[in-house]
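Colleague: Can you read through this structure? Questions will come right after.
The values are calculated or read from the model by the stated rules, or taken from the named source; none is laboratory data. A quick note: this is a predicted structure, and the numbers were derived from the prediction, not measured. Note that each Cβ is placed from the backbone with ideal geometry, even for glycine, and that neighbours are counted across all protein chains shown. In case anyone asks, the SASA skips ligands and DNA or RNA and just uses the protein heavy atoms, side chains included. Shrake-Rupley method; radii C 1.70, N 1.55, O 1.52, S 1.80 Å.
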Amino acid sequence: MQVLRTVDEARGALAPVRRAGRSVGCVPTMGALHEGHLSLLRRAREECDVVVLTIFVNPTQFAPGEDLARYPRRERDDLVLAAREGVDFVFAPTAEEMYPAGALTTVRVAELTEGLCGPHRPGHFEGVATVVAKLLNIATPDRAYFGEKDYQQLQVIRRMAWDLNLPVAIVGCPTVREADGLALSSRNAFLSPEERRAAPALHRALRRAAEMVAGGGTAAEAEAAVRTALAAEPGFQLQYAEARRPETLRRDDTPGPPMVIAAAAYLGGTRLIDNVIVEKDPSG
Ligand code: PAF
């Protein structure tokens, strides 16, 4: 496994791979790898000849006052895990390498970024779309893998790749959860033992709302169910609960699936997000 620090090194390492006609799978991450990331690496390993992991804590996607400084950084452990998963290349640049002074271009995806996390994290999706466009241009993968836990991010990246004609398939992969339902996240490390015990209430609330939608409930009913369930949970401060159509992220008052029900909540100082997707019954 080769660790690449600069754009030139990454291009130099990947050019012969491309010339040899080998397929490249890329898993962009901010490090602090957990089983969720490893599931993406395994999928890339299964589907591609060469696997590139990127590790970059992207400063431009943290809104002012967010947890950039305390975001976990564990590169040494990450490299051990990556080697174990059969990763071929790790691209782990510095912020100066990714953002040399004087850059004037950013990527902003309209509409899809307006609801859900968008209003609560000003500039976040512009930071994500810009860095992912850059990483995909550097790694030039055939396929790039992202978790469904960040569902809005996944849709934003899909749309960005489509709108910019990037020659890459964006592959969404299922959320990996603890046995009690808590979605894996690098930020779970910030939870105190008591908060950790309380945390699965978020997923339970979303699942109950999903059952309502599967039974013909509306978006408004699903959102109210999440709000009511979390209001009864000590320690939770709900930021939003929204039910949208999965493809467009538009609000639609027609009852029933398909729907994604997503929520963000603070538990103490830690922001948790999660979602549940209710598919349309193919038989109905
Ligand atoms: O999901 C993440 O870890 C990040 O938002 C991403 C996609 C690697 C961009 O920095």
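Colleague: Could you run through region 153-188 and say how many residues are among the β-branched types (Val, Ile, Thr) and open to solvent by 40 Å² or more (accessible area, probe 1.4 Å)?
Modeller: Counting residues in region 153-188 that are among the β-branched types (Val, Ile, Thr) and open to solvent by 40 Å² or more (accessible area, probe 1.4 Å) gives 1.
Colleague: A further question follows. Among the residues of region 189-229, which ones are crowded, with 16+ Cβ neighbours inside 10 Å and assigned to a loop (DSSP other than H, G, I, E, B)?
Modeller: Matches in region 189-229: Leu191, Ala199, Pro200, Gly217, Thr218.
Colleague: Right, next: Report yes if some residue within region 233-240 is of a type outside the set (Lys, Arg), touching a residue at least 60 places away in the same chain (Cβ under 8 Å) and open to solvent by less than 70 Å² (accessible area, probe 1.4 Å); otherwise report no.
Modeller: Looking for residues that are of a type outside the set (Lys, Arg), touching a residue at least 60 places away in the same chain (Cβ under 8 Å) and open to solvent by less than 70 Å² (accessible area, probe 1.4 Å), one finds at least one in region 233-240, hence yes.
Colleague: Does region 135-146 contain any residue that is open to solvent by less than 20 Å² (accessible area, probe 1.4 Å), aliphatic (A, V, I, L, M), away from the ligand (no atom under 16 Å from the Cβ) and assigned to a helix (DSSP H, G or I)?
Modeller: No, because not a single residue in region 135-146 is open to solvent by less than 20 Å² (accessible area, probe 1.4 Å), aliphatic (A, V, I, L, M), away from the ligand (no atom under 16 Å from the Cβ) and assigned to a helix (DSSP H, G or I).
Colleague: Which residues, taken from region 17-49, are surrounded by fewer than 22 Cβ atoms within 10 Å (Cβ to Cβ), away from the ligand (no atom under 16 Å from the Cβ) and among the aliphatic types (A, V, I, L, M)?
Modeller: Scanning region 17-49 gives Val17, Ala20.
Colleague: Within the bounds of region 74-82, is there any residue that is more than 14 Å from the chain's Cα centre (by Cα), of a type in the set (A, V, I, L, M, F, W, C), within 14 Å of the ligand (Cβ to nearest atom) and open to solvent by less than 20 Å² (accessible area, probe 1.4 Å)?
Modeller: No; the residues of region 74-82 include none that is more than 14 Å from the chain's Cα centre (by Cα), of a type in the set (A, V, I, L, M, F, W, C), within 14 Å of the ligand (Cβ to nearest atom) and open to solvent by less than 20 Å² (accessible area, probe 1.4 Å).
Colleague: Same structure, new question: Only one of these conditions is not met by Asp150: (1) open to solvent by 10 Å² or more (accessible area, probe 1.4 Å); (2) over 20 Å from Ser186 (Cβ atoms); (3) not β-branched (Val, Ile, Thr). Which number is it?
Modeller: So Asp150 meets the others, but not (2).
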